[in-house]
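This report concerns only the one structure given below.
No lab work stands behind these numbers, since they all come straight from the coordinates. What you see is a predicted model, and the numbers here were worked out from it, not measured in a lab. No Cβ is skipped: glycine too gets one built from the backbone with ideal geometry, and neighbour counts run over all protein chains shown.
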Amino acid sequence: MITIYKSSNYQEIELFRSVLDSEEINSFVKGNELNALKYALPENDALVELCVAEKDLLSALYLLKLPLTEELLEIIQGFSKFNHPNDNIDNSKTKNQGFGNIGLLTISILIVGIVALLINYFDIKAKYNALNLDLNSDLHVYSEYDNVENCILSYYKQNDKLSSWICYGEDGQPISNKSYDNHGKIDVYFFHDTPSKNFDHYIGYDVNGLKTSEGFDTDHDARFDKTVYFDELGKEIRSEIDRNSNGRIEKSEIINK
């Protein structure tokens, strides 16, 4: 199974799975337990991964409007070569055929691979347009892809307010994740202070969009070990620092201002 999408938003994962199921594309979720994915809390150790089989990779990317990263492109190319046994022709026989035959064989295999990918692409595109697939599904959110900023924006179905806004870097890894309440007010904003595999900084907000807390992963172990809390005026009122890195905040590690 190949990972095509990572998110800490449970609703997005379920949305994408429903789209794939409607096209009879099997998918698999790898990560935390499903009943815990609804809460995008700082304590989450890893993002949830949506996976599909190699044969369904191209179709899934098109249906979900996901970017084709360099890593996924290498997988597609490798899978295409694997399905062409002519790539493994005995070298001694090939040499006897001369350089011209080698070049012709390579070009032929490349053309066949490209044609196969194009046929698959346009077949899925035709089915997609014919079905006029409803991305809203039966869930509470729907998503769209911003190919300029390389972000996936999700909206609440009931009022079209933003639900989440996840942006990706050139390597396909998420670089920021904003979640919103059902009124469109920002709830939590995860991002990177320094390049790392996991989010190392977050800001929490109240129902009015005012900052209430700010967390830091100072040792980059995918766990927020420092949290600062603020009052309604933005003044710092308390800080908690897990100095012994045991995953708990002891009484001695709480500092009141």
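Ranking R243, R223, R248, R17 by Cβ neighbours within 10 Å, fewest first, what do you get? Intermediate values should be presented prior to the final figure.
Numbers: R243 11, R223 17, R248 8, R17 20.
Fewest-to-most ranking of R243, R223, R248, R17: R248, R243, R223, R17.
Checking the a/c ratio against 1.5 first, then a/b against b/c, what shape does the Cα gyration tensor give for the range 135-230?
Working: a/c = 2.67, a/b = 1.31, b/c = 2.04.
Cα axes put the range 135-230 in the oblate bin.
Please find the FRET efficiency linking H183 to M1, where r is the Cβ-Cβ separation and R0 is fixed at 51 Å, and quote it to the nearest 0.05.
Numbers: r = 37 Å, r/R0 = 0.73.
That gives a FRET efficiency of 0.85.
Mind checking the full-extension length gain between I75 and N208? Use 0.36 nm per residue of separation minus the Cα-Cα distance, one decimal, nm.
Result: 43.4 nm gained on full extension.
Can you list the GluC sites (Glu not before Pro) in the range 173-256 that are in a DSSP coil and have 16 or fewer other beta carbons within 10 angstrom?
On the way: sites: E214, E232, E236, E240, E250, E253; in loops: E232, E250.
Hits after loop and neighbour filter: E232, E250.
Which entries of K161/K185; K226/K257; K6/K65; K30/K178 show an alpha-carbon separation above 18 angstrom in the structure shown? Before the final figure, lay out the partial values.
Working: K161/K185 9 Å; K226/K257 15 Å; K6/K65 14 Å; K30/K178 22 Å.
From the list (K161/K185; K226/K257; K6/K65; K30/K178), the Cα-Cα distance tops 18 Å for K30/K178.
For each of I75, I254, count neighbouring Cβ atoms within 10 Å of the residue's Cβ, then give the residues from fewest to most. Don't skip to the answer; put the middle values down first.
Values: I75 16, I254 12.
Taking fewest neighbouring Cβ atoms as first place, the list is I254, I75.
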